[in-house]
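The values are calculated or read from the model by the stated rules, or taken from the named source; none is laboratory data. Small disclaimer: the values here were computed from a predicted structure and weren't measured. Cβ: placed from backbone, ideal geometry, glycine included. Neighbour counts: every protein chain shown.
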Ligand SMILES: Nc1ncnc2c1ncn2[C@@H]1O[C@H](COP(=O)(O)OP(=O)(O)O)[C@@H](O)[C@H]1O
Ligand SMILES: [Mg+2]
């Protein structure tokens, strides 16, 4: 068996919203698969359907070789789920929460205690083991929720936005833990709206926008066409409305995009000469404050494919508390 | 075996976090105590009166004790999402819901014996047919718990569950023959009495305590069992339909 998850034509409608609109994808065994898309794209809905917390309207699902289409609970012993919001018991301690979750998977008393201690140690939570979950910080809560998700050593793990809304240091630690987990053999299905996170962690990424997968490829393949490109970002304090048309007309070998945040993004096959570009902008009434070379990244690919400006995604990030 | 570890630990966790918490233990004691004192004092201490009142007080104690717990163990856990964790566990849905309700059933049985213990000091209980009384208490606890479950899964807020269960509980005090014989009810209310499970539970209790009952015990208990199956199945169906969107 080389495919851990195999989904064909999955759809799900909520009243008038097509939350999931005919998606198909395969996650190979051992892969760290990224499901990347803005808020409301249908990521959580997809996880809920795959884990039996929601019903699909149509489509087929195989998880770990088991056909789950009619019976979503058939593969529950094979999967671990870490929801976007913690669902542990606030009134239990960290240790008791883990022991309880282990018991749900039928682990015996000595085994569960040993496993709970082991995980508390891995996640640096041993000092908080006997404190109530309700008193944990956001980062600690997320870590314990992940520990609870892998308590039964599931071969397949679903992680819904693991680093959203927690502090920078915890987010970095979590990314390391996720990488380690994947290296030790766990197949991971991870959703995120952080492009950099997906690029850094995942082997393969599916871009999901409005319930549809617009692209699904390995990170290497996604980056390939843009790797040799030269990207520049020009910041302007003021910018005339028709500047895009003028630039495109004057520099036909360059591709310009105006971002929501007032940057001009320049893409080119060859190195960009900054001087003429800045002079042209100033002559046309723009006030240039900065011009910077950028490393081509998945962000550019995402913008090209989805047409969603990367800052739209970044804005979500700031709104929801940041996670870099 | 694995499923039973899960079952036992769900029950144990509910016991620790809900049922054995001081507020609930005291509620579980004070509530039946209040009912008992109220009725026993009002009755004017005639010994026969206590025996006549005991079945009703026992039934009320069970009914209120069990139904109020489900709003917490089910509706509240659904609301704060910890119920999802249970839904993700690799155990059958039926066993999961049995685990979630077993605590309330035991709590109800416990509640039932508060008035009994008080009555020990006030009356001679040797004439009670315990071999009928105890199974009846158990069946009433089951049927009330499943009624509470049915209500708890039909709503999404804890307060709704409480309000909605009062809508059932208070009429049942009068309609199910706990204190007033059903024969004395207006004719148009009688069909309603026979549609409520507590009627049959109260009938067995009356029979067990003072020998006065309308139907054979076996029939009463069989009807209670049927109500249990029906309410449990309807609750499960409702959860699947409403919670797994
Ligand atoms: N229970 C629900 N009822 C109605 N609409 C929903 C429900 N859950 C999700 N949606 C809608 O489905 C779409 C996808 O949501 P979701 O899967 O949560 O997105 P994501 O996780 O990618 O942010 C959104 O438009 C959202 O409003
Ligand atoms: Mg989501």
query = So residue A:68 fits all but one of (1) more than 14 Å from ligand 1 (Cβ to nearest atom); (2) within 28 Å of residue B:8 (Cα to Cα); (3) surrounded by fewer than 20 Cβ atoms within 10 Å (Cβ to Cβ); what number is the exception?
reply = (3)
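So which of A:121, A:96 ends up being touching a helix residue (DSSP H, G or I) at 6+ places or on another chain (Cβ under 9 Å) and part of a helix (DSSP H, G or I)?
Within the list A:121, A:96, the selection yields A:96.
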request  = Could you tell me whether residue B:32 is farther than 30 Å from residue A:149 by Cα, within 14 Å of chain A (Cβ to nearest Cβ) and under 21 Å from the mean Cα position of the chain (by Cα)?
outcome  = no
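Quick grid of which residues meet (1) closer than 24 Å to residue A:180 by Cα; (2) in the same structural domain as residue A:69 (by TED's automatic domain parsing); (3) surrounded by fewer than 24 Cβ atoms within 10 Å (Cβ to Cβ); (4) modelled with pLDDT of 95 or more:
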{"position": "A:7", "(1), (2), (3), (4)": "no, yes, yes, yes"}
{"position": "A:10", "(1), (2), (3), (4)": "no, yes, no, yes"}
{"position": "A:14", "(1), (2), (3), (4)": "no, yes, yes, no"}
{"position": "A:17", "(1), (2), (3), (4)": "no, yes, yes, no"}
{"position": "A:22", "(1), (2), (3), (4)": "no, yes, yes, no"}
{"position": "A:26", "(1), (2), (3), (4)": "yes, yes, yes, yes"}
{"position": "A:34", "(1), (2), (3), (4)": "yes, yes, no, yes"}
{"position": "A:39", "(1), (2), (3), (4)": "no, yes, yes, no"}
{"position": "A:44", "(1), (2), (3), (4)": "yes, yes, yes, yes"}
message = Show me the strands (runs of 3 or more DSSP E) entirely contained within region A:170-251 in which 1 or more residues are more than 16 Å from ligand 1 (Cβ to nearest atom) and under 17 Å from the mean Cα position of the chain (by Cα).
response = A:187-192, A:204-209, A:212-218
request  = Tell me which residues, restricted to region A:14-32, are away from ligand 2 (no atom under 16 Å from the Cβ) and under 18 Å from residue A:198 (Cβ atoms).
outcome  = A:25, A:26, A:27, A:28, A:30, A:31, A:32
request  = Check B:85, B:81 and return the single one that is crowded, with 17+ Cβ neighbours inside 10 Å and without any contact (Cβ under 8 Å) to a residue 24 or more places away in the chain.
outcome  = B:85
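Residue by residue, here is whether (1) within 16 Å of ligand 2 (Cβ to nearest atom); (2) modelled with pLDDT of 90 or more; (3) surrounded by 16 or more Cβ atoms within 10 Å (Cβ to Cβ) holds:
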site: A:156; (1), (2), (3): no, yes, yes
site: A:160; (1), (2), (3): yes, yes, yes
site: A:165; (1), (2), (3): yes, no, yes
site: A:176; (1), (2), (3): no, yes, no
site: A:180; (1), (2), (3): no, yes, no
site: A:187; (1), (2), (3): no, yes, yes
site: A:191; (1), (2), (3): yes, yes, yes
site: A:225; (1), (2), (3): no, no, no
inquiry  = For region A:77-86, check the following and say yes or no: at least one residue is surrounded by fewer than 20 Cβ atoms within 10 Å (Cβ to Cβ), touching a residue at least 24 places away in the same chain (Cβ under 8 Å) and more than 16 Å from ligand 2 (Cβ to nearest atom).
reply    = yes
query = What do you reckon, is residue A:178 at the interface with chain B (Cβ under 10 Å from one of its Cβ atoms) and in contact with a strand residue (DSSP E or B) (Cβ under 7 Å, 6 or more places away or on another chain)?
reply = no
Matching residues in region A:41-76 - criterion: being under 19 Å from the mean Cα position of the chain (by Cα) and touching a residue at least 12 places away in the same chain (Cβ under 8 Å) = A:41, A:42, A:43, A:44, A:45, A:46, A:47, A:49, A:50, A:51
